[in-house]
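Worksheet: the structure to be examined is printed underneath.
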Amino acid sequence: MGQSASTALITSRRDSIHSSHRSKSKFTAPIISMQVEEQTEFVFCEEPDYISDLPDECLACIFQSLNSGDRKNCSLVCRRWLTIEGQSRYRLSLVAKSDLLPLVPSLFSRFDAVTKLALKCDRRSTSIGDDALVAISSRCRNLTRLKIRACKAVTDAGMEAFAQNCKALKKLSCGSCNFGARGMNAILDNCAFARGANGETASRNY
């Protein structure tokens, strides 16, 4: 009985040693997760550009309903809009300082449909002279209204040349100018539709 108990104890110890060796000899391989990259293809559908299909006349009507700032922004969109905006502008107001003369050709190449023009100069600055006024009139022969303010360098000779070029003029408004009766009479003689010319300060220089 004693031997069998000791034998059973030795056998159980051997079994536990063998089992511990077997558990230590087990190798656990790390599990590596494989991520498969999916390539997603994006398809962009271009919406039709309806604005580009609008006729120039429609765009011109839209531009004419905008204020000056919005018109300027629209003219920067593309060359087509720049051209249409310039050709559909009938009113133009310019700072009439002496440095305007070299800009006249490029300005009125773009704004070639102007019929109402305002030339205003600061009284403390040197204004445009006869050369600039004649250059403007040669490029704006369809002018119907002219407003001229503080352009003291414009003389009767400049107004006479202007009257020869802009015979469609209907209204003249001037103030703080130095030309006199001779220039005003040239307007009345050459511009058949000119009636009621308004000379606020010019009338005092006759």
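Please treat every number below as a calculation from the coordinates, not as lab data. Nothing here was measured: the structure is a model prediction, and the numbers come from that model. Here the Cβ is made from the backbone with ideal geometry for all residues, glycine too, and neighbour counts use every protein chain on show.
Taking only the alpha carbons of region 90-205, we obtain Rg and Dmax values of 12.6, 37 Å in that order.
Pairs from the list Lys72/Lys171; Lys116/Lys170; Lys72/Lys167; Lys147/Lys170; Lys72/Lys152; Lys72/Lys170 with a Cα-Cα gap above 21 Å: Lys72/Lys171; Lys72/Lys167; Lys72/Lys152; Lys72/Lys170. Residues in region 54-64 carry Karplus couplings, in order, of 5, x, 4, 5, 5, 4, 4, 5, 5, 4, 5 Hz; the curve used is 6.51 cos²θ - 1.76 cosθ + 1.60 with θ = phi - 60°, and Gly or Pro positions show x.
Under 5 Å between amide hydrogens, built in the peptide plane, is the criterion, and for Tyr90 it picks out nothing among residues at least 5 positions away or on other chains. Highest mean packing first, where packing is the average number of other Cβ atoms within 10 Å per residue, the peptides 167-180, 105-118, 150-163 line up as 150-163, 167-180, 105-118.
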